[in-house]
Amino acid sequence: MKIVQCWDDGVVDDIRLCALLRTRGARATFNLNPGLHGARRGHDWIYQHTKVVQRLALGELCETYQGFTIANHTLTHPFPSRLSLAEWRREVSDGRKQLQDHFQQEVRGFAYPYGEHDAALAEVLRETGHCYARTCLNATPCLPARDDFILATDCHHADPAFWERYEAAKAARSPVFYFWGHSYELMTEADWAGFDAKLQRINADPEVRWADLPELFPSSAPQRSAP
């Protein structure tokens, strides 16, 4: 079984997360909004009334994510339901183009901001060179999916039932176990130690291996990016 993970929003805690993932030999995808990364760290918000969260500066991105897969999370992280389809297309197309220009790598994956999705939004993603789009839905097994552009994951990284879902995926002979999250959700040293323990437990399982998300969709040929 392949293990895949993705993390959203391009925040400062990703620096520590990426270092930990490298130490444990874990592969991951990072879903970014290039329009929200400026010359300095910014776009601050407060998580759980406690923690100040900042997005990384533009100049930090390549070093932070060296060796990891980059995916599109739109240009500026809007609520998709509040946009016209033309506005949505611009958010999707411009986000993908800017990420490809900045990282000099093809960007094929996508994660819906706030998990909002429908068939019309998904169709835009099909037309703009993506090969999958992740929602916030849960399903085990999550692949094969009815629609790769309305893709569920097995669970969030902090789901209390994480290991039950992991074992259920193995029992179902799922080709993949897929989890996701935001690094700012790791708020204490105990949280970081707990996540590290997850990585080590996965690494100790001889029946699984880490994988990158785009390799799960080899038959989804990239399409021409919309102008």
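For the range 137-144, state whether one or more residues are crowded, with 18+ Cβ neighbours inside 10 Å and touching a Gly at 6+ places or on another chain (Cβ under 7 Å).
no
Hey, among the residues in the range 39-55 that are in contact with a Leu (Cβ under 9 Å, 6 or more places away or on another chain) and open to solvent by less than 30 Å² (accessible area, probe 1.4 Å), which one's modelled with the lowest pLDDT?
Taking the candidates together, the pick is Gly42.
Being without any contact (Cβ under 8 Å) to a residue 12 or more places away in the chain and among the charged types (D, E, K, R) is the filter; apply it to the range 80-93 and report the residue that is most open to solvent (accessible area, probe 1.4 Å).
Arg82
Quick check on my filter: what residues within the range 94-126 are over 15 Å from Phe30 (Cβ atoms), among the small types (Gly, Ala, Ser) and either touching a strand residue (DSSP E or B) at 6+ places or on another chain (Cβ under 8 Å) or surrounded by 21 or more Cβ atoms within 10 Å (Cβ to Cβ) (or both)?
Gly115
Could you go through the range 127-136 and let me know if any residue there is open to solvent by 10 Å² or more (accessible area, probe 1.4 Å), touching a residue at least 12 places away in the same chain (Cβ under 8 Å), of a type in the set (D, E, K, R) and on the phi < 0 side of the Ramachandran plot.
Scanning the range 127-136 turns up at least one residue that is open to solvent by 10 Å² or more (accessible area, probe 1.4 Å), touching a residue at least 12 places away in the same chain (Cβ under 8 Å), of a type in the set (D, E, K, R) and on the phi < 0 side of the Ramachandran plot.
Take the conditions touching a residue at least 60 places away in the same chain (Cβ under 8 Å), in contact with a helix residue (DSSP H, G or I) (Cβ under 9 Å, 6 or more places away or on another chain) and outside any strand (DSSP E or B) and apply them to Tyr184. Does it pass?
Criteria met by Tyr184.
Can you pull out the residues in the range 58-79 that are more than 18 Å from His182 (Cβ to Cβ) and surrounded by 16 or more Cβ atoms within 10 Å (Cβ to Cβ)?
Scanning the range 58-79 gives Leu58, Leu75.
Have a look at Ala172, Ala190 and point out the one that is out of contact with any Leu (no Cβ under 9 Å at 6 or more places or on another chain), closer than 21 Å to Leu20 by Cβ, surrounded by fewer than 20 Cβ atoms within 10 Å (Cβ to Cβ) and free of Cβ contacts under 8 Å to residues at least 60 places away in the same chain.
Ala190
The values are calculated or read from the model by the stated rules, or taken from the named source; none is laboratory data. Given the structure is predicted, the values throughout are model-derived calculations rather than measurements. We place every Cβ from the backbone using ideal geometry, glycine too, and count neighbours over all the protein chains shown. Note: accessible area is taken over every heavy atom of the protein model, side chains too, but ligands, DNA and RNA are not part of it. Shrake-Rupley method; radii C 1.70, N 1.55, O 1.52, S 1.80 Å.
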